[in-house]
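Colleague: Okay, handing you the structure first.
The values are calculated or read from the model by the stated rules, or taken from the named source; none is laboratory data. This is a predicted model, so every value here is computed, not measured. In this analysis, Cβ positions are derived from the backbone assuming ideal geometry, glycine residues included, and neighbour counts consider all displayed protein chains.
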Ligand SMILES: *[C@@H]1O[C@H](CO)[C@@H](O)[C@H](O)[C@H]1NC(C)=O
Ligand SMILES: *[C@@H]1O[C@H](CO)[C@@H](O)[C@H](O)[C@H]1NC(C)=O
Ligand SMILES: *[C@@H]1O[C@H](CO)[C@@H](O)[C@H](O)[C@H]1NC(C)=O
């Protein structure tokens, strides 16, 4: 009788242990699924880096011709920013940023091949020269300069790859489309918007 009781006890213990083990395994499996989901949704998700001109354009020189013969000639330092929010570096190829006035190409600058690190912003300060030599009509420019503003647009496209976990590579391109309004009296950038 006592022996029976003992073996019943030990069987009950074993059953409890098995249940506990099954519960641990179940909890671990759920935990694994959550880890994998977070990994897939957050870490492995490839976001498009942002390519833009940051605040703080420094105008080094700006001349604007005369009222009868409007023109512009300007040199400035543009803080180019490549913001990478991915969990891995964004390696991009060299590219050109084109500057235009009223749709006419007025200057360009080369951005050398490089990379934006894991969750960081790559800063590239470039010196840009633009002038109105290519404009065929300056009537629009004349009236704009009369109101003391000069509006320029910058366009660019970066091609590159986001690298995740050192092995996965995903191609990602990003476009720049910025518009800046320059106050020609004070020689400062009044507004800058990038899409
Ligand atoms: C910039 O201009 C060059 C030619 O001048 C052109 O090949 C390139 O596609 C232009 N880039 C953009 C983003 O418009
Ligand atoms: C660039 O932005 C301007 C306005 O700021 C917009 O009119 C134009 O359609 C945009 N171009 C591209 C290619 O997104
Ligand atoms: C340009 O700057 C001057 C001097 O700071 C200021 O008086 C003027 O209002 C500005 N022009 C525009 C169009 O904001």
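Colleague: Can you find a residue that is within 17 Å of the chain's Cα centre (by Cα), within 16 Å of ligand 1 (Cβ to nearest atom) and farther than 14 Å from residue 176 by Cβ anywhere in region 93-100? Talk me through it step by step, then tell me what you get.
Modeller: In the first step, residues of region 93-100 are kept if they are within 17 Å of the chain's Cα centre (by Cα); the result is 93-97.
Add one more test, that the residue is within 16 Å of ligand 1 (Cβ to nearest atom), and what stays is 93-97.
Subsequent filtering for residues that are farther than 14 Å from residue 176 by Cβ retains 93-94.
Checking region 93-100: at least one residue is within 17 Å of the chain's Cα centre (by Cα), within 16 Å of ligand 1 (Cβ to nearest atom) and farther than 14 Å from residue 176 by Cβ.
Colleague: Select from region 21-46 the residues that are in contact with a strand residue (DSSP E or B) (Cβ under 8 Å, 6 or more places away or on another chain) and not in a helix (DSSP H, G or I) and write down the one among them that is farthest from residue 125 (Cα to Cα). Reasoning before the result, please.
Modeller: Looking only at region 21-46, we keep the residues that are in contact with a strand residue (DSSP E or B) (Cβ under 8 Å, 6 or more places away or on another chain), and these are 43-44, 46.
Among the residues that remain, those that are also not in a helix (DSSP H, G or I) are: 44, 46.
Working: 44: 30, 46: 26 Å.
Looking at residues that are in contact with a strand residue (DSSP E or B) (Cβ under 8 Å, 6 or more places away or on another chain) and not in a helix (DSSP H, G or I), I get 44.
Colleague: Please give the strands (runs of 3 or more DSSP E) falling wholly within region 148-195 in which 3 or more residues are within 16 Å of ligand 1 (Cβ to nearest atom), within 15 Å of residue 100 (Cβ to Cβ) and touching a strand residue (DSSP E or B) at 6+ places or on another chain (Cβ under 7 Å).
Modeller: Details: elements: 149-164, 168-183, 188-194.
It comes to 149-164, 168-183.
Here is a yes/no grid of residues against (1) at pLDDT 95 or above; (2) surrounded by 10 or more Cβ atoms within 10 Å (Cβ to Cβ); (3) closer than 30 Å to residue 88 by Cα; (4) assigned by TED's automatic domain parsing to the domain that holds residue 161:
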| residue | (1), (2), (3), (4) |
| --- | --- |
| 2 | no, no, no, no |
| 6 | no, yes, no, no |
| 9 | no, yes, no, no |
| 35 | no, yes, yes, no |
| 38 | no, yes, yes, no |
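Colleague: Just one of (1) in contact (Cβ under 8 Å) with a residue 60 or more places away in the chain; (2) within 16 Å of ligand 3 (Cβ to nearest atom); (3) under 20 Å from the mean Cα position of the chain (by Cα) trips up residue 176, so point out which.
Modeller: It is condition (2) that residue 176 fails.
Colleague: Follow-up question, since we're still on this one. Just name the residue that is nearest to residue 76 (Cα to Cα) out of those in region 93-110 that are outside any strand (DSSP E or B) and touching a strand residue (DSSP E or B) at 6+ places or on another chain (Cβ under 7 Å).
Modeller: Filtering region 93-110 for residues outside any strand (DSSP E or B) gives 93-94, 102-103.
Keeping just the survivors that are touching a strand residue (DSSP E or B) at 6+ places or on another chain (Cβ under 7 Å) gives 93-94.
Details: 93: 24, 94: 21 Å.
For region 93-110, the residue satisfying everything is 94.
Colleague: Residue 66 fails exactly one of the following numbered conditions: (1) without any contact (Cβ under 8 Å) to a residue 40 or more places away in the chain; (2) within 17 Å of the chain's Cα centre (by Cα). What is the number of that condition?
Modeller: That leaves (2) as the condition not met.
Colleague: Another question, then. Out of region 121-148, which residues are loosely packed, with under 15 Cβ neighbours inside 10 Å and within 17 Å of residue 187 (Cα to Cα)?
Modeller: Selection gives 127, 146, 147, 148.
Colleague: How many of the residues making up region 102-113 are surrounded by 15 or more Cβ atoms within 10 Å (Cβ to Cβ) and away from ligand 1 (no atom under 14 Å from the Cβ)?
Modeller: Matching residues across region 102-113 total 1.
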